[in-house]
Every structure is written in structure tokens, then in C-alpha cells.
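J.: Have a look at this one before I ask anything.
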Amino acid sequence: MKRAAIGFTVALGLLAADEGRAQAPAWTERVRLSGSADAGLFGGGRDSVTPDDGFRVWDTRLFVDAELGDDVRVGDVPVIRNVGFTFEWNLVRNGDLANDVGLAYVDFEGLFESEWLNLRVGRFQIPFGEAYRLYSKGYADRSFSSQPVGGPWWWDEGVLLHGASTSGRLGYVASVTNGDTEFGDVGGDAQATLKLWAQPCSFFYASLSGLWADALGGVDGSLWLGEGWARPFGSGGPPIPNVVDGTPVADDPDGLGQTWALAADVILTPTPGLRVWLSGGRYEIDSRGAARYDRTLWYWLGEVLAEGELVHPTLRPFFLGVRVDGVGTWDQDRGYLLDVRYTADLGYNMEHLIAYTVVAGWHVTEYVTLRSEYSHRDVDLVTGAAALLPGSTGDEDTWTIEVGIHF
């Protein structure tokens, strides 16, 4: 009798568990959690992003994706194919506690049953060039530890429209956003972008991008290039000499005027296991005042990533990558702040910044990657600046041994 009672109790428990699963809140079927994290040993010189050798949690972020509905109609007329929401919580970035918002947008897919009309509203990656794909959700799939200095990116708030042909060979992405760095609009005028892309065959992809922003005044721009944003000449740092045409000048008192940028990217995958990325562009940063504060930045990037399967199928999980990229005015008389870490040492006297990077790694599983990276960065100064500065050259060497996971 006692055994029968125990058996009856166990049966009731199992039945209750099944019923509990069946009665789980409906939202659990519509919400997906994902994330990525990176940690390891990082080392570098005094001016590097890792000033002391040691272990760091380098990047940690969580994502929430939710389905909010589909097949939205007005009467019998289909209006929206699908509505979704995406949220990114950045806990750690570049080894520092961030605890801020990355992505936060609502997607309206398939407007009026068209593949060409998809609307995004909220905070998203600025659709300019191809480097922005390496961040947010793309961070989990990247091969290099460091970010390219010749790859513009960042988040901004606004509206985005995108679409593609049914064949997937042609497409576009357009956006209108706040145009400033701060979360929300703090006074800068609107920024507009347009990107056109084509993939006529499986091994060739190309895109052309344009960006235009109206006068920002004393507000920093929203596009991150090199290691910094567009900002008024001389702003944001201690009073060190900033040299123009061989002579120290005062900071720009008038703030930023219009800014615009153009970019071209080509991605080649001629054979399985080999990827080549070539990129280049121009970023025009004008002052609202004197022309001597106007700056034209040119950037470029060349990257080759080879997987072990090129040598033998058993080496498929291993990879090797080489990247060379740079950004600068490339004008010996007019520099700019190309890396905010050097604000106090080099100021706006940087003529160019070039990075040489090599990485080797192993995809341990689909969700775990080990990688080791070495990078050398070279900084040149404008004419007449070296004798007036504290003594840092800006050149640096960094190394990384890192494990990255995503789920």
C-alpha cells in the first residue's frame, strides 16, 4: 500500500511538471536569448589599449530577440509580414565595465509584401561600409581580437530602411539618425546614409556607401573612425600645442560644420576557406569657421583570412589572418586626433596611424574559439610637432591570447 502511495505521488508530480511546461507563459516561445564573451591575456606598451600585461575580461554582451507578431493586415490588405524587437546589453567593452545599451530597435519586415521595403526604428549600427558588421551580434563571429583602425562604425538612433532583390544580388540600406555620439539627440543636426550593394556571384560582394551630416557645433559626430569620433579641432584634451602648417594654433572656437564620407568595399571568397576584404574611404570634417581647421581623413584596409582546409580537411578548424589598415590626413602640415588615447600626449598632431596585425586561431567548437594576435601600430606626426610634445611617439606593440564564446 505504501509503495502504491509513493507511485501515485510520483505520477502526480510528473503530471504536474508536464502541465507546468504546457502552461509556460506564451512569451517564452517568442523570446530568444543569446550573447558573447571574450577573456584572456593582454599585453602592450605604455600607450596601448592594454597598458599593463595581465588577464582581462575583454568583451561581454547579451542580446534579447522577440517576435512581436506577423501577417499584419488592414482588412484583407497585407501591411507587415513580421514585427520583431532586438536589444543589446553591453556589459564589458575593451576591458572596461560598460553597462550600456548597444542595439535597441523594432523591425517591421516585408512592408506591403515587398522585399525592398523593411523598416527599422530605434538604435542600430550606422549602415556605412562593412566594418559595422563586426560589432554587436557580429562580434561573436569575428576572427581578429582587435578592431580595424580603417573601419568606421558606431551606433546611432533614428530610422533605417533596407531591402534586396528576390535573387539576393542587389540591395540597399538607408538611414536618417541623430548624427551625434551621445545616447539620444543633444543638439546636432540629422545625419543621412545610403549604402548600395551587389553580389552578382557567390564569390564577389561589393558596396558603395555615403554619409552626410549637417552642422554639429560642439557635439562629437556619431561615426567612429580610427580610434575616435569627428570633433572640433583641439577639443577634449589638455592645453598642449596643436600644430598647423608648422605653427601652434588655438583650438577651433566655432565647432564642427558639415561632415560627409564616402566608402567602397569589396569582399572576395574565391575558394572555400579563403576571404579577402579590401576597403577604402574619405571622411570630410569641416569647421563652421576658419578653413585651417577643416580636415580630410583618408582610410584604407586590406585583410586576408585563410582557414586550415586550404591545406588539408583535418585542419578545417584552424585559421590564420593578416590585416594592414590605416587612417590619416596624409598631409605633413595638417594633423588630427586619430586615437583618443593620445589626446594628452599627441593631441591633433597625428598625420597618420597604420596598424599591422596577424592572428592565428582554432575553432574549438561551433561556439568556442581560441586566438592569439600580435599588432604593431605606427604613428607619424605633422611637421614641427615632435619638438613641442611630451615625448611619446605613439608607436605601440600589443599581443593577445584570448578565448571567445557565444551562444
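J.: Checking LEU160 against (1) assigned to a loop (DSSP other than H, G, I, E, B); (2) in contact with a Lys or Arg (Cβ under 9 Å, 6 or more places away or on another chain), which test does it fail?
T.: (1)
J.: Restricting to segment 245-273, name every residue that is surrounded by fewer than 17 Cβ atoms within 10 Å (Cβ to Cβ) and in a strand (DSSP E or B).
T.: Answer for segment 245-273, where residues must be surrounded by fewer than 17 Cβ atoms within 10 Å (Cβ to Cβ) and in a strand (DSSP E or B): THR247, PRO248, VAL249, GLN258, TRP260, LEU262, ALA264, VAL266, LEU268, THR269, PRO270, THR271.
J.: Just checking, how many residues over segment 367-401 are out of contact with any strand residue (DSSP E or B) (no Cβ under 8 Å at 6 or more places or on another chain) and either under 17 Å from THR329 (Cβ atoms) or modelled with pLDDT of 95 or more (or both)?
T.: 1
J.: Take ALA140 and decide whether it is at pLDDT below 95 and either surrounded by fewer than 16 Cβ atoms within 10 Å (Cβ to Cβ) or farther than 23 Å from GLY257 by Cα (or both). Even if it seems obvious, please write down each step before you answer.
T.: On the way: at pLDDT below 95: yes; either surrounded by fewer than 16 Cβ atoms within 10 Å (Cβ to Cβ) or farther than 23 Å from GLY257 by Cα (or both): yes.
In short, yes.
J.: Take VAL244 and decide whether it is over 17 Å from ARG133 (Cα atoms), aliphatic (A, V, I, L, M) and in contact (Cβ under 8 Å) with a residue 60 or more places away in the chain.
T.: Against the criterion (over 17 Å from ARG133 (Cα atoms), aliphatic (A, V, I, L, M) and in contact (Cβ under 8 Å) with a residue 60 or more places away in the chain), VAL244 qualifies.
J.: May I pose another question? Please pick out the residue among ALA213, ALA198 that is closer than 25 Å to LEU353 by Cα and either exposed (fewer than 15 other Cβ atoms within 10 Å of the Cβ) or free of Cβ contacts under 8 Å to residues at least 60 places away in the same chain (or both).
T.: ALA213
J.: Only one residue in SER143, SER175 is of a type in the set (S, T, N, Q) and not in a strand (DSSP E or B). Which one?
T.: SER143
J.: Let me ask something else about it. Pairs only if they're at least six apart or on different chains, beta carbon under 9 angstrom, first in segment 60-72 and crowded, with 16+ Cβ neighbours inside 10 Å, second small (Gly, Ala, Ser) and not in a strand (DSSP E or B); list them, first residue then second.
T.: Qualifying pairs under 9 Å: ARG61/SER136; ARG61/ALA140; PHE63/SER136.
J.: Could you please give the count of residues in segment 110-135 that are closer than 19 Å to GLN191 by Cβ and surrounded by 20 or more Cβ atoms within 10 Å (Cβ to Cβ)?
T.: Qualifying residue count, segment 110-135: 12.
J.: Any idea which of GLU396, GLU373 is buried (at least 20 other Cβ atoms within 10 Å of the Cβ), touching a Phe, Trp or Tyr at 6+ places or on another chain (Cβ under 8 Å) and touching a residue at least 60 places away in the same chain (Cβ under 8 Å)?
T.: Exactly one of GLU396, GLU373 is buried (at least 20 other Cβ atoms within 10 Å of the Cβ), touching a Phe, Trp or Tyr at 6+ places or on another chain (Cβ under 8 Å) and touching a residue at least 60 places away in the same chain (Cβ under 8 Å), namely GLU373.
The values are calculated or read from the model by the stated rules, or taken from the named source; none is laboratory data. As the structure is a prediction and not an experimental result, all values here were calculated from the model. With ideal geometry, Cβ positions are generated from the backbone for all residues, glycine too; neighbour counts draw on all protein chains shown.
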